[in-house]
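Worksheet: one structure, shown below.
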Amino acid sequence: MKKDFLALSEWSATELENIFSLCRDLKNKTKAGVPHPLLQGQTLAMIFEKSSTRTRISFEVGMFQLGGHALFLHSGTTQMGRGEPIKDTARVLAGYCDAIMIRTYAQAAVEELAQWAKIPVINGLTDMYHPCQIMADLFTVSEHRSNYRDLVYCWIGDGNNMANSWINAAAVFGFELRVATPKGYEPNAAVLARAEAVGAKIFLTHDPQEAARGAHVLNTDVWASMGQEAEQQLREKAFVGYQLNEQLLGLAAADALVMHCLPAHRGEEITDAVIEGPHAVIFAQAENRLHIQKAIMATLMRDKACS
């Protein structure tokens, strides 16, 4: 039976830690120049409705390193862009390819694609979730802190797809998560309710200093994500005081890690000094997108090949 990677909440902690283990092995082989063609001859269809730097490059390079091939499909140049039903596209791609990665707006579109495709579907980003990024983030923390499941994590800024995904991660792995957002910009209520129903340790606040105090990992993201550009000025006013700067970092644990999924608006949600400072592991995060996504693809596509 095929398995998809649509949200962390659909996977157990053991399954995700198995992906971390495979990621560690693949990263070591990559660094040592050891070939690892686990997906020799397989093909990944990559559908993009949102622009991308890290997602496209990491998946494309990852498939190459795994011995497979990735196809870049911009929705505007496919029949999906002309109104072809998702369920038709899903079945056609399943006849040509071995897996699909999609980066789009609606989570419902990803779920419909997975429902109709007989091959694994990977959520490369939606407005609701960004599961591959969170996996790269947690893997990065595990490289720096062996007790990554026992740390206190802090999210500062918009209650967006990253915040929702961190909530899912807290529910799966059991760590404490503090989320600081302005009023009216809280995370998705349904996502939060599902996490709390399984006993997740999540604390919401409108005070970023309260969230940051003593935290071991601090995260942030842009204040206006793709599709929200018209709200930029409104959001700049609402998010005053939510900048991840040296003063806020000074409230965290002495060895705190700073994370940002990029791209960053330096001087807005995070300062240049913090990005370039000794606490930041931001570019390690970015590199680990490659390694974790290779592990996700290998997990899904090898299982598919054996089914």
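Mind listing whichever residues of the range 127-147 are of a type outside the set (G, A, S) and surrounded by fewer than 21 Cβ atoms within 10 Å (Cβ to Cβ)? Scanning the range 127-147 gives D127, E143, H144, R145, N147. Out of the range 278-301, which residues are farther than 13 Å from T140 by Cβ and either of a type in the set (D, E) or touching a Ser or Thr at 6+ places or on another chain (Cβ under 9 Å) (or both)? Q293, K294, A295, listed by residue number. Here the helices (runs of 4 or more DSSP H) wholly within the range 225-305 that include at least 2 residues being basic (K, R) are 232-238. Here A280, A286, A295 are screened, and the one residue that is closer than 22 Å to V152 by Cα and in contact (Cβ under 8 Å) with a residue 40 or more places away in the chain is A286.
Being among the charged types (D, E, K, R), in a loop (DSSP other than H, G, I, E, B) and under 27 Å from Q243 (Cα atoms) is a property that does not hold for E143. For the range 117-126, what are the residues that are on the phi < 0 side of the Ramachandran plot and buried (at least 17 other Cβ atoms within 10 Å of the Cβ)? If the condition is that a residue be on the phi < 0 side of the Ramachandran plot and buried (at least 17 other Cβ atoms within 10 Å of the Cβ), then A117, I119, P120, V121, I122, N123, G124, T126 are the ones that fit.
Of all residues in the range 194-224, those satisfying the criterion of being of a type in the set (K, R) and either in a loop (DSSP other than H, G, I, E, B) or without any contact (Cβ under 8 Å) to a residue 60 or more places away in the chain (or both) are K201, R213. In the range 3-20, of all residues being among the polar types (S, T, N, Q) and touching a helix residue (DSSP H, G or I) at 6+ places or on another chain (Cβ under 8 Å), the one that is nearest to K294 (Cα to Cα) corresponds to N18. Filtering A94, A70, A99 for residues that are more than 22 Å from the chain's Cα centre (by Cα), of a type in the set (G, A, S) and surrounded by 14 or more Cβ atoms within 10 Å (Cβ to Cβ) leaves a single hit, A94.
Please determine whether any residue of the range 157-168 is farther than 23 Å from E10 by Cα and under 19 Å from the mean Cα position of the chain (by Cα). Within the range 157-168 (the criterion being farther than 23 Å from E10 by Cα and under 19 Å from the mean Cα position of the chain (by Cα)), the answer is yes, since at least one residue qualifies.
Every number in this text was worked out from the coordinates using simple rules, so none of it is lab data. What you see is a predicted model; the values in this text were computed from it and never measured. FYI the Cβ positions are ideal-geometry reconstructions off the backbone, even for glycines, and counts take in every protein chain you see.
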